[in-house]
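First up is the structure itself, then whatever we jot down about it.
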Amino acid sequence: HTVMSETVGFVGLGIMGIGMAENLIKAGRKLVVWNRDTGKSKAFADEHPGTVVASSPAEVVKAVTRTYCMLSTPEASKAVFEGST
């Protein structure tokens, strides 16, 4: 198990997040993803086979040892980190 094949989590597939997540895949990572708009998560997984769509941010964190977050506002961050999503 090398870092290049590591499965990592990604929360937030908006304008910046999607590009960052795609770069992780290009670098050889597999992803477990979550987004408030579940359609974005499903579309991302459809475009990137092997990507797992989680049902919550907590599920992402529990599934991997490293999670990246790219959230749009302090309010969105608070909702994700405090579990109100």
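The values are calculated or read from the model by the stated rules, or taken from the named source; none is laboratory data. What you see is a predicted model, and the numbers here were worked out from it, not measured in a lab. Glycine also receives a Cβ, built like all others from the backbone with ideal geometry; neighbour counts cover every protein chain displayed. SASA here: full protein model, heavy atoms, side chains in, ligands and nucleic acids out. Shrake-Rupley method; radii C 1.70, N 1.55, O 1.52, S 1.80 Å.
Only residues that are aromatic (Phe, Trp, Tyr), under 13 Å from the mean Cα position of the chain (by Cα) and either open to solvent by less than 60 Å² (accessible area, probe 1.4 Å) or at pLDDT below 95 (or both) were counted across the range 38-85, and they come to 1.
I need a count of the residues in the range 1-19 that are surrounded by 14 or more Cβ atoms within 10 Å (Cβ to Cβ) and within 19 Å of Ala76 (Cα to Cα). Residues in the range 1-19 being surrounded by 14 or more Cβ atoms within 10 Å (Cβ to Cβ) and within 19 Å of Ala76 (Cα to Cα): 8 in total.
Tell me, please, whether a residue that is among the β-branched types (Val, Ile, Thr), on the phi < 0 side of the Ramachandran plot and in contact with a helix residue (DSSP H, G or I) (Cβ under 7 Å, 6 or more places away or on another chain) can be found in the range 21-31.
No, that holds for no residue.
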